[in-house]
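The values are calculated or read from the model by the stated rules, or taken from the named source; none is laboratory data. What you are looking at is a predicted structure, and each value in this text was computed from that prediction instead of being measured. With ideal geometry, Cβ positions are generated from the backbone for all residues, glycine too; neighbour counts draw on all protein chains shown.
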Amino acid sequence: MVFSHHHPDHTLHAALFPDARFHDHWATYQADRWESREAEGFLVSPHVRLLETPGHTPQDITTLVETADGPVAFTHLWWGPHGPAEDPFAPDPALLHRSRGRVLGLARRIVPGHGPAFEPGPDTPR
């Protein structure tokens, strides 16, 4: 389980999965122990890696999954297919936009924090 960030709407039900391995911006939990580990480049499995993509919060993590149809990004840099263009909670809007640009350069499909998956296009907020 990867926490994209530590807002309650993304972490509240974690205790329902007592045998899950966790990764967040603080540490990784696996095999009954906590380890401090950076997210950037961490391979969750051979086709799943983590990216540090600050924006919605300074600690945001994007999970990039390689699929037969191309890379899919699970991220909270967008709430849904149409943005918002400016995240009202982002402490540093310029950093949000840089992280969005990075993800758009890598992903064919985006699964946002609170909306349906979408393929980025010219109207996708950068």
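Here are some notes:
- Search result, residues across the stretch 40-57 that are assigned to a loop (DSSP other than H, G, I, E, B) and either of a type in the set (Asp, Glu) or touching a residue at least 40 places away in the same chain (Cβ under 8 Å) (or both): 40, 53, 54, 55, 56, 57
- Residue within the stretch 81-89 that is within 19 Å of residue 51 (Cα to Cα), assigned to a loop (DSSP other than H, G, I, E, B) and modelled with pLDDT of 90 or more present: no
- Test result for residue 114, over 25 Å from residue 18 (Cβ atoms), modelled with pLDDT under 85 and surrounded by 14 or more Cβ atoms within 10 Å (Cβ to Cβ): no
- Some residue of the stretch 18-35 being in a loop (DSSP other than H, G, I, E, B), at pLDDT 80 or above and touching a helix residue (DSSP H, G or I) at 6+ places or on another chain (Cβ under 8 Å): no
- The stretch 73-100, residues that are surrounded by 20 or more Cβ atoms within 10 Å (Cβ to Cβ) and either of a type in the set (S, T, N, Q) or free of Cβ contacts under 8 Å to residues at least 60 places away in the same chain (or both): 73, 75, 77, 78, 87, 90, 96, 99, 100
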